[in-house]
1. In whole Hz, what ³J(HN,Hα) sequence does segment 106-112 give by Karplus (6.51, -1.76, 1.60; θ = phi - 60°), x for Gly and Pro?
2. Under a 5 Å amide H to amide H cut-off, with H placed in plane at 1.01 Å, what residues pair with C85 once short-range neighbours are removed?
3. When all protein chains stay in place, what accessible area (Å², nearest 10, 1.4 Å probe) is found for E116?
4. Grab the Cα-Cα distance for Q100 and Q122, subtract it from 0.36 nm times how many residues apart they are, and report the gain in nm with one decimal.
5. Can you tell me the order of 96-106, 81-91, 6-16 when each peptide is scored by its average per-residue count of other Cβ atoms within 10 angstrom, highest first?
Amino acid sequence: MPGNASLLRAGDLVPHFSVVDAAGRRVSYRDTAWQRRELVLITLPPGAGIAAGSPAGRLAEWGRQAPAEVAVIVTGDAVPGMPPCGFAVADRWGEIAVVQPSASPAALPSPEQLAEWVSYVQRQCPECQGETR
């Protein structure tokens, strides 16, 4: 991806995408997540392993039980604007609250930290631009 100017930022809308996630499931943002639950996207560089017990493996396991509608682990170029390794959390209307690149899969946030981001996004009020609960 050329330069950081094309990376997604807080306030942007999640681009529509259709990918095969780490579990081999086809996930289409347009069909599965829109206006239902929060979205967590986790991207890994091509060839990054998702072995059980590894940081990426723990995130993949969390993704199967996540409090968000979709937790996807894909290579970074599969979702336009996502860093090659990093994460993004968006509200149920598709507005991104945070997008953060990571130096490596080992430096990605823990499942507990991602769950805290989801909880934070759930408490936001789009009309009043602040927390409601």
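1. Ordered by residue, 3J(HN,Hα) equals 5, 8, 5, x, 6, x, 5 Hz.
2. S102
3. Its heavy atoms expose roughly 120 Å² to the probe.
4. Fully extending the segment from Q100 to Q122 adds 6.1 nm.
5. Values: 96-106: 16.2, 81-91: 22.0, 6-16: 14.3.
Per-residue Cβ counts within 10 Å, averaged per peptide and sorted highest first, yield 81-91, 96-106, 6-16.
The values are calculated or read from the model by the stated rules, or taken from the named source; none is laboratory data. Predicted model, so just to flag it, every value in this text is computed and none were measured. With ideal geometry, Cβ positions are generated from the backbone for all residues, glycine too; neighbour counts draw on all protein chains shown. Quick note on the areas: whole protein, heavy atoms, side chains included, nothing else; ligands and nucleic acids left out. Shrake-Rupley method; radii C 1.70, N 1.55, O 1.52, S 1.80 Å.
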